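Here is the structure we will look at, set down as C-alpha cells.
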Amino acid sequence: MTFGLFRPAIALALVALVSACAEPQMTTGRVPAEYGALVDGERTIPAVSPAYLNERNRRRWVAYDGPEPVGTIIVDPYARLLYHVAEPGKAMRFGIAVGREGRGFRGDAVVRRKEEYPYWAPTKNMIRQDPDVYGKLAGGLPGGLDNPLGARALYLYRNGKDTMYRIHGTMDPSSIGKATSAGCIRLFNQDIIDMFDETPMGTRVKVRSKAESLAAEGPMVQLHTGYLVSASDVAAIEADQAAFEAGLVADPAEAEAEAHARAVAAARAARSAREAELRGGS
C-alpha cells in the first residue's frame, strides 16, 4: 500500500481536529536555540514559532521538592506540565498538551517501549466517539512529521500491560499548553526528542490526580486563548477577558465546531484519496 496522496489529506484532517481552540498567544522575539530547526536523520523538524513559546510552554530548569526520586517523570494533566527529575531538588519542566485520552489515567507506570517516528492508529474509543473523522483513519498511519505522535513516543505500562497512555511529540505545535480533542500527552517535537534521549527503559512515571495537581501547582484558570494561568494571576485573567470582549480572541466553542467540520471534510477527502490509490495500484 502507498500513502503518497493519502497522507497529506490525513494530515489536514488531523491538524484541523487537534487545532481546535488553538489560537496562539502571540509573543515576540527570536526562536531559542533549543527550539530551532532540527535535522533528525533524513527529516528536518521545523523550528517552533515564538508565538507558542510562552513561559509555561518552554522547557526550563526549575526547583522541584516533590517526593519522587531522581529519574522520575511526573505528568500533571491538569496544570499541563511535565517534570523530569534530574537531581535532588531539580527538574526539567516541559509544557504539554493534554488530549482526551491523557485525562483518563492517573497513578504510577513505567516506560517499557520507546519508538522513533511511531506508527499511529486511532483507538476504538476514538472511533466510537468521533466516527466521522477517526472511522476513516482506522487503517492508521506510518511514522512521520504528519503523524499525530510526532517524532518520538514513550509507551507506559503497568503490571506488564500496556496502559494505552503515551507521552509523544506532535504535528501541531500550536496545541502545546492546551486541552485538545484527542491524544494523550504531547510535547513539542524538540522536547520529546530531548526526553526520549534522557529516558531509559524502566523509567518510572507518575501521573498526578486532580487533587495532587491542586496541592502541587495550586488552582488554574483557562484563558479564552486556551492557555492556563495561575488563578492568582489576576492581571493576565483580566487582560484575556478584555481581549475576548473586544473580539480579539475567537470564541472557543465556535472555533472547535468549525475545526471539527473541517476535520470531517478532510477525513472524507483522505478516504477518497486512499480508495483512489488502491484502485490505481490494483
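The numbers here are math on the coordinates, done by the rules we state, and not lab data. Fair warning: this is a prediction, and the values are worked out from it, not measured in the lab. Positions of Cβ are generated from backbone atoms using ideal geometry, with glycine treated the same way; all protein chains shown enter the neighbour counts.
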Cβ density ranking, 10 Å radius, fewest first, applied to I74, I185, I127, I192 yields I127, I74, I192, I185
The residues W120, W61, sorted from fewest to most surrounding Cβ atoms within 10 Å, come out as W61, W120
Ranked from fewest to most other Cβ atoms within 10 Å of their own Cβ, H224, H168 fall in the order H224, H168
Of all GluC sites (Glu not before Pro) in region 73-175, the ones in DSSP coil with at most 11 other Cβ atoms within 10 Å are none
A convex hull over the alpha carbons of region 167-232 yields, per residue, a volume in Å³ of 121 Å³
Any aspartates and glutamates whose Cα falls less than 14 Å from that of K161, other than same-chain ones fewer than 8 residues away, would be D108
Applied in sequence order to region 52-58, the curve 6.51 cos²θ - 1.76 cosθ + 1.60 (Karplus, θ = phi - 60°) yields integer Hz couplings, x standing for Gly and Pro, of 9, 9, 6, 4, 7, 8, 6
Partner lysines whose C-alpha sits under 18 Å from that of K136, ignoring same-chain residues fewer than 8 away, are K124
Rounded to the angstrom and largest first, Cα extents along the principal axes for region 160-203 equal 32, 23, 14
Partner lysines whose C-alpha sits under 21 Å from that of K210, ignoring same-chain residues fewer than 8 away, are K178
